[in-house]
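One structure is given here, and the rest of the page talks about it.
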Amino acid sequence: MLQGQALAARLPPVCRAAWDAENAICDCEASGLIPASPFLALLRPLAAARDDVMHHEMRDISADLKERADLLRAQIDSAQARFQAVITELNKERAIQRQRLETEVQAVHRLIHIVSVQNAVHRGLKSAVAALDNLGAAQVSGTEGNKESHEIGKAMSGTSP
């Protein structure tokens, strides 16, 4: 007698009926296979009930997962809004700082222009002073030359000043 049949002989009548129904589907003796345990036949309805319960639980889990996904989506949207606000604030600060720096650059350009004009005026005045000094020196030497020649002329003529 096969091992499965020995177990079936010891089963209560309800289990034996399940065993017989199981074995009627598949002629195990003809195929040479050991029939499945009668306990498995009893477990099949329980497994089906468990599948129904799990399926129901999966629906509850899917609803929970959907709720979590919606919550995460809301958090992501909130984070994106905060991010955009920070970016906008940084752009405003950058624009203000750029405007301030451009004003400073314009002031530096004006200062460079003023210094350039000042240097040009200084060179011009220096040239003018040098020219006046040369002219004054030429006039002094010209008057001294005239004075000397006048004194020499008087000394020769015998009159004194």
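Some points to look at:
- Test result for Val140, at pLDDT below 80, assigned to a helix (DSSP H, G or I) and surrounded by 10 or more Cβ atoms within 10 Å (Cβ to Cβ): yes
- Check on Ile152, modelled with pLDDT of 80 or more and surrounded by 10 or more Cβ atoms within 10 Å (Cβ to Cβ): no
- Qualifying position, being of a type outside the set (S, T, N, Q) and at pLDDT 95 or above, among Arg59, Arg44, Arg50, Arg82: Arg82
The values are calculated or read from the model by the stated rules, or taken from the named source; none is laboratory data. Just so it is clear, the structure is predicted and the values come from calculations on it, not from any experiment. For neighbour counting, all protein chains shown are included, and Cβ atoms are generated from backbone atoms with ideal geometry for every residue, glycine included.
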